[in-house]
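Data block below; observations after.
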Amino acid sequence: MEAPAETLTDDVIVLRRWKPEQLGTLAAVAGDSAEHLGAWMIWAANGYGREEAAEFLEASARNWAEGKCYDFAILVEEDLVGGTGMISRPYGIEIGYWLSRRHTGRGFATRAARLLTDEAFRLGAPEVAIRHDEKNVASGAVPARLGFTMTGSEAAEPPLAPACTGVHRVWRLKRP
């Protein structure tokens, strides 16, 4: 599958491929939200600073070049509000997302997931999946709003973030 567009947008958000010059902003936004994010995402469970942001940006560039994962900043009026990404899987694409603690409940994750789902199908993916911990109700509301079907549960691979149960809900949407 070819790489997605480096910028995707609707009338509210912009998804833009992460760039090295976003290091400070990423560290500040994710760091400010580490307690909020760390409950569900192991990468933020012990805080998040410049070192973690630099490692992420380097891995993101490498994964993009290798066609493994395509990570994007979620921007609203040029302000960083979160991150999202597409992971290449044997069955199609898996997408994930996170929002800063100050930007939840506004539909930004749903908009990002919709843009990535549309892009995955444009690129020919037969299916898009979203996984989230069974207790993370807010993350589960996103695929439900977008018409995904919950197809079951599966064991999550350790290490797990503190609030996680170890059981992922799996949602799928087939290409129309």
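A few notes on this one:
- One decimal place: the segment residue 165-residue 145 gains 4.9 nm when fully extended, by the rule 0.36 nm per residue minus the C-alpha distance.
- Of the trypsin sites (Lys or Arg not before Pro) in the range 39-95, the ones in a loop by DSSP (not H, G, I, E or B) with at most 16 other beta carbons within 10 Å are 68.
- Average accessible surface area per residue within the range 1-121, 1.4 Å rolling probe, Å²: 48
- Calculated FRET value between residue 23 and residue 104, using beta carbons and R₀ = 25 Å, to 0.05: 0.60
- Annotation: average projected area of the chain is 9.3 square nanometres, based on the convex hull of Cα atoms across all directions.
- A viscosity of 1.567 mPa s and a temperature of 4 °C, combined with the Kirkwood radius over Cα pairs in Stokes-Einstein, give a translational diffusion coefficient for the range 109-167 of 102 µm²/s.
- Shown here for the range 4-70: GluC sites (Glu not before Pro) in loop regions (DSSP other than H, G, I, E, B) with at most 13 other Cβ atoms within 10 Å, namely 6.
- Euclidean distance between Cα centres, the range 119-176 to the range 32-56, Å: 21
- Binning the C-alpha pair distances of the range 38-81 at 10 Å intervals from 0 yields a P(r) profile of 24, 43, 32, 0 %, listed from the shortest bin outward.
- What the phi angles of the range 97-106 give under the Karplus curve with 6.51, -1.76 and 1.60, with θ = phi - 60°, is a coupling list of 7, 8, 10, 5, 4, 8, 10, 7, x, 10 Hz, glycine and proline written as x.
- Cα-based Rg and Dmax for the range 14-58, where Dmax is the largest Cα-Cα distance (Å): 10.3, 29
The values are calculated or read from the model by the stated rules, or taken from the named source; none is laboratory data. Here the structure is a predicted model, which means the values were calculated and not measured. Virtual Cβ from ideal backbone geometry, glycine too; neighbours counted across all protein chains shown. Protein only, heavy atoms only, side chains kept; ligands, DNA and RNA dropped before computing areas. Shrake-Rupley method; radii C 1.70, N 1.55, O 1.52, S 1.80 Å.
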